[in-house]
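Readers should treat all values here as calculations from the given coordinates under stated rules, not as data from a laboratory. Note that the structure is predicted; figures quoted are calculated from it, not measured. Quick reminder, even Gly has a Cβ in these numbers, built from the backbone with ideal geometry, and neighbours come from all protein chains shown.
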Amino acid sequence: NDNARWLSAGDPSLIASSLTERFAQQFGRKAVGVWFAPGRANLNGEHIDFHGGRCLPMALPHGTYVAAAPRTDGLLRLRTLDINLDEGVIEIPAGQTGPKKDDGESVGSTSTWTQYVSGVLWALQQLDDEHSELRPASDFGADLLIRTTLPIGAGLSSSASLECAAALAFVAVGTQTGEENEGAELTRALSDQQRAVLAEACIRAEVEVVGAGTGGLDQTTSMRGAEGKLLSLDCRDFSLKRLDISFLLRGYRFIAVDTGQPHQLATSAFGDRRAESEAAADLLGVERLRDALPSTCRKIDVEEVLEEFDRLSEGRAEINGFDTAACRRRLSHAVTEMVRSEKIHSLLTGEAHGVDHTATMIGDAMTAGHTSMRESAEVSFELADRVVDTALAQGAVGARLIGGGFGGSVLTLVSKDNAAEMIEAVAGLSPSIRFLEVTPSAAAHAV
Ligand code: GAF
């Protein structure tokens, strides 16, 4: 049946109340509350957040729910209800977590999903005095019950949503100083600046504890997204604008197609692709590729940057041990992706255009972004390419692979009139395919 093909975001209050009930059965006491953090879909700006590029993400209605209560014995007791990951309650002494050792071995817990959670607690405890209101006590422990409405490893940021939901839960139950629900109140009234600090802690957890090469796009979107808004996120300094796209959604739908082929960020070739792009930056004499471009993006000349690369790499088969031609392709992806983001940003912040014109411009950029993901970043895969081709042939105005790649999801933009036909054709490509309605939704919050 058709509904089985759709991954619903569910009803948040029903999910929260059933999670609270399960929590009481599991841990024999009441949860203090339930916190939610969304996944994300990125319209443009893949593989450039770690190069200071501009990304255009939206927070999804789908995400991760965490029910929590504090403990006084310094233990973290964690359970996920996700059928693929659930191993019952896992106990971790909260003090025994932290950055990976030099030999790459994990400290404390071994299962990756629990490291995302314990790593966030560790990172929050490293916050300096300026942010002490967000810092859980050093002897803090907690019981957590977790449930997600996101497919895991589908390029929709299931990891960041777990990190961000856990972060809110830790802040809420770990900063309580006696007065009832004081910490929980804090998570209801977080400023954008506090949210940025929490996103930063989640990034630290993922990079330093889990050892995945995230660039911050996912955590920032989960913590700072907004209902009805596309974020225009400048990853040079993580400043952002929230752009209203409700006019576009009156005539068009963003539909994410989960191919059912998951990726694993820490273990996929993501790290190599990133390293090759960093070698290109090195050759150009900059830390991040955005710094190799003029600060005002209207003046970016892609050919000029590539010519400079050719001049500097002449006669060299390798740069920092990476194949020169591969580094050049990564550079080409990064720079053209940055240009596409700037174009969409200008389109949405400039003089108003008709809905169809806006949709076509955005759609064209998305599709060009996919071609670049396939040919230059080389992170696409066969089923994603077929989804893109089929969606476009069936009337989508744009379609592209999103997230880290090597598995995951395609984002499509399609007019309401053409959606049914497109969905039917795409569904026919593989029984593993699932759909998610992408409506830009609120950032992480208490439910
Ligand atoms: C993953 C990373 F975690 C992000 O930081 C980003 O680089 C993305 O891949 C690709 O744009 O989700």
Neighbourhood charge, 13 Å Cβ-Cβ cut-off, centred on K416 and excluding it, Lys, Arg +1 and Asp, Glu -1: -2
Separation between Cα centres of the stretch 301-323 and the stretch 156-219, rounded to whole Å: 40 Å
HN-Hα J in Hz across the stretch 368-385 - Karplus 6.51, -1.76, 1.60, θ = phi - 60°, x for Gly and Pro: 4, x, 5, 4, 5, 4, 7, 8, 9, 6, 6, 10, 8, 8, 4, 5, 4, 4
The stretch 175-286 - percent relative contact order, Cα under 8 Å, separation 6 or more: 18 percent
Simple label model, 7 Å out from Cα along Cβ direction - V302 to S432, nm: 3.0 nm
Relative exposure of S313, S277, judged by other C-beta atoms within 10 Å (fewest first): S313, S277
Lysine pair number, Cα distance threshold 23 Å (strictly under), the chain, separation 8 or more or different chains: 6
Taking K100, K299, K241 and counting other C-beta atoms within 10 Å, the order from fewest to most: K299, K241, K100
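Please work out the FRET efficiency for the pair A189 and N3, using the Cβ-Cβ distance as r and a Förster radius of 41 Å; give the result to the nearest 0.05.
Details: r = 38 Å, r/R0 = 0.92.
Efficiency at R0 = 41 Å is approximately 0.60.
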Virtual spin-label span in nm between N181 and R386, 7 Å along Cα→Cβ: 5.2 nm
Near-label residues of the stretch 240-257 by backbone N, under 14 Å of a point 7 Å along Cα→Cβ of K416: 246-254
Label zone at D323, where the point sits 7 Å out along the Cα-to-Cβ direction: the stretch 360-386 residues whose backbone N lies under 16 Å: 374-380
For the chain: relative contact order, % (alpha-carbon pairs under 8 angstrom, 6 or more apart): 23 percent
Alpha-carbon centroids, the stretch 391-447 and the stretch 1-79: separation in whole Å: 20 Å
